[in-house]
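Input: a single structure, listed below in structure tokens.
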Amino acid sequence: MLSRHFLRAKVLQQLYSCMMSGNKDVALAEQDLLEGIEQTYKLQVYVYSATLEIRDIAENQIEEAKTKFFPTEEELNPNMRFVNNPLFARLQENIELNKAVEKLKINWADQKDMLKNIFNRFKDSDSYKKYMALENCTFEDHKKVVVLMMKNYLLKNESFLDFLFEKQLYWESDFLFVGLTYLNYLKEYEEDALPHKPLFQMFEEQTDDRKAFAVDLLSKTLAHYDEYDELFRKHVENWDMERLAFLDRIIIKMGITELLYCPTIPVRVTMNEYIELAKEFSTDRSKLFVNGLLDRFLIDLRAEGRIMKEDVDNE
């Protein structure tokens, strides 16, 4: 499932877009937020699909070598270990992945050379050569070599990243998250996994409240956005809102919303999360600014009896 930290970041991005455009239509903002989260799933599918395309490129190279006028003995009797890697076979059989690739109409024809270069670099690596030379190869060995290829060659390749980010603006901010979840998915893959093993799920629809959390955080921050300015006026000496970092204001207002309207999330979790968002998305000094103002606002809101937090941690 998506972490609440990731969802807070998506809400922050959506709020920033709303404020920059001047459009505070809540229904439209919610729609755009959920579409942005859906784009994360699509990025995941592209990365999985690229993995299998590299496997096909490896097989094509073997077949092409056999058709030379004077193929070598090695080319006529190639080592098929990488091509026949059982992890590739599991992914090829994955029902959800196949349906998603078909729905998105993913076709790597125009990126063949890029993926071929990635594979050729990996093929020259010690990791690949040691794998191909193993006397006894376990399923863990098969997994390890695919993870190494993805981690060190595909997911770090600038041409691959440029291709993805040009396709969809959302993907640049989501790529690290998707890459890490993908590598974990591969590491956890079991040899006897069934063809319907699901990809990483955005939400568990029946039991998960995280989608509602994200939507509520967005809608309530938009609804009370201007109202929160009164807290700034009270606590910022010689108050001048225009001099405050624009992104910091949004982060702080999201934090106020979570303090007021998310009773099951502990105060310390809320405070830490928005300091982290400031570190990730704003200026070097923002974490101190966000922490200081949220602390002051929290004192006032508690004095007014408006903070109703349970002492639990369900992050």
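The values are calculated or read from the model by the stated rules, or taken from the named source; none is laboratory data. Only a predicted model underlies this, so the values are computations on that prediction, with no experimental measurement involved. Quick reminder, even Gly has a Cβ in these numbers, built from the backbone with ideal geometry, and neighbours come from all protein chains shown. The accessibility values were calculated without ligands, DNA or RNA, using every heavy atom of the protein model including side chains. Shrake-Rupley method; radii C 1.70, N 1.55, O 1.52, S 1.80 Å.
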- With 23 Å as the limit, write out which pairs from K42/K187; K116/K156; K129/K187; K112/K151; K68/K143; K10/K279 have Cα-Cα distances beyond it, or answer none. K68/K143
- Message: Run lengths n ≥ 4 of DSSP H only: what is the helix-derived mean residue ellipticity at 222 nm for the chain, with -39500 (n - 2.57) per run over all residues, to the nearest 500?
- Response: -21500 deg cm²/dmol
- So what's the net charge close to K151: Lys and Arg +1, Asp and Glu -1, counting the other residues with Cβ under 13 Å from its Cβ? +4
- Considering only the other residues whose Cβ falls under 13 Å of the Cβ of I95, what net charge follows from Lys and Arg at +1 and Asp and Glu at -1? +1
- In terms of the charge dipole of the chain, which places +1 on Lys and Arg and -1 on Asp and Glu at the beta carbon, the residue among F69, I54, A9 farthest towards the positive end is F69
- Task: For the chain, build the charge dipole from Cβ charges (+1 Lys, Arg; -1 Asp, Glu) around the Cα centre, then report which of Y128, L294, Q92 sits farthest towards its positive end.
- Result: Y128
- Task: Note down the magnitude of the dipole of the chain about its Cα centre, charges +1 on Lys and Arg C-beta and -1 on Asp and Glu C-beta and zero elsewhere, to the nearest 20 debye.
- Result: 380 debye
- Query: Fully extended, how many nm does the chain gain between D126 and K167 (0.36 nm per residue separation, minus their Cα-Cα distance)?
  - Reply: 11.5 nm
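Quick one: pull the percent of accessible area on the range 215-305 belonging to carbon and sulfur, 1.4 Å probe, ligands and nucleic acids left out.
Numbers: 2080 of 4420 Å².
In the range 215-305, the share of accessible area belonging to carbon and sulfur is 47 percent.
Counting heavy atoms of the protein chains only and a 1.4 Å probe, report the per residue accessible area for the chain as a whole number of Å². Each step should come with its number before you reach the end.
Working: 16780 Å² over 315 residues.
Ligands and nucleic acids excluded, the figure is 53 Å² per residue.
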- Task: Report, in debye and to the nearest 20, how large the dipole of the range 3-108 comes out about its Cα centre when Lys and Arg carry +1 and Asp and Glu carry -1 on their Cβ.
- Result: 480 debye
